[in-house]
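Since every read-out is calculated from the coordinates, none of them should be taken as a lab result. Note that the coordinates shown come from a computational prediction; the quantities given were computed from them, not determined experimentally. Counting neighbours? That spans all protein chains shown, and the Cβs are built from the backbone with ideal geometry, glycine included.
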Amino acid sequence: MKIRDYSNYHEVTVEEKMLHDSSKIVEMALNGYDSQSALIDGAESRILLKSKFNNVDGMGKYIYGRPDEINRGSVVLTSEESWLVVTLPENYRTYKKAMIYLCNNEFSLAGKDEKILLGYNKLKEPQYKIIKGESTSHPCYISVSAPSFTDGKPINVPDSDLSITMPYKVHSDLEEGKIHEFYGQNYQFVGIDRTKVINEKGILIIYAKRMVNS
């Protein structure tokens with residue numbers, strides 16, 4: 001029996017019909033009972049969050065959203081929490097799926113100072129006023145780079161080296177050798193992984209070693 005070709009019916013191809021129907025299903029899901037409102041990189045959107053298989057502590061989940069809204073390095077703000085997209089999203093044409101981590105800290109970057117010329121003194125030397133730039137805070141995910149237990153006893157976060165995952169930024173504070181404070185302790189950046197950055201989008205993974213007071 002010959003199957004008829006309906007590809008030109010109403011001038012719509014089978015692929016276009018499937019894509020249209022799939023888009024409608026995705027939009028229904030993103031506006032359904034399990035969905036929620038969120039800000040993705042500051043823009044309002046609708047998303048689905050699903051638990052990751054065998055994720056015990058709940059710090060990692062899967063996000064489902066529209067294809068043009070989710071990128072690795074995107075910050076997702078829900079009503080209660082901040083999340084960071086850490087994997088390259090899987091693109092299914094009508095939606096994207098990616099892994100996200102629950103941000104458990106913030107990384108502050110110093111603002112850029114502005115120098116304003118006020119005039120000149122009697123020696124014709126320029127006189128400036130320095131306006132301090134405002135610092136900006138960026139959600140990040142911090143994990144311990146050491147085993148969770150030592151001699152059968154839990155270790156404290158300040159006693160361990162840290163791994164800091166944050167959105168990709170270019171800043172003088174984000175360089176090896178810089179010292180920053182986390183959890184009341186000073187840490188020195190000993191390595192920065194930029195391999196998960198493509199076309200200026202992605203994440204930085206910073207390895208920080210706790211500084212021991214001598």
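With no solvent and one equal point scatterer placed on each C-alpha of the chain, evaluate the Debye formula and give log10 I(q)/I(0) for q = 0.11, 0.15, 0.18 Å⁻¹, two decimals.
So the normalised log intensities are -0.71, -1.04, -1.28.
Over the chain, what is the relative contact order in percent, taking alpha-carbon pairs closer than 8 angstrom and at least six residues apart?
Numbers: 403 pairs, mean separation 27.5, N = 214.
So the answer I get is 13 percent.
Regarding the range 21-103, what whole-number volume in Å³ per residue does the convex hull of its Cα atoms give?
Numbers: hull volume 7.7 nm³, N = 83.
It comes to 93 Å³ per residue, whole-number rounded.
In terms of Cα to Cα distance under 19 Å, which lysines are near enough to Lys24, apart from those fewer than 8 places away along the same chain?
In chain and number order, the partners are Lys96, Lys97.
With a cap of 13 neighbouring Cβ atoms within 10 Å, and only residues DSSP puts in a loop, list the chymotrypsin sites (Phe, Trp or Tyr not before Pro) found in the range 79-120.
Details: sites: Trp83, Tyr92, Tyr95, Tyr101, Phe107, Tyr120; in loops: Tyr92, Tyr95.
Answer by residue number: Tyr92.
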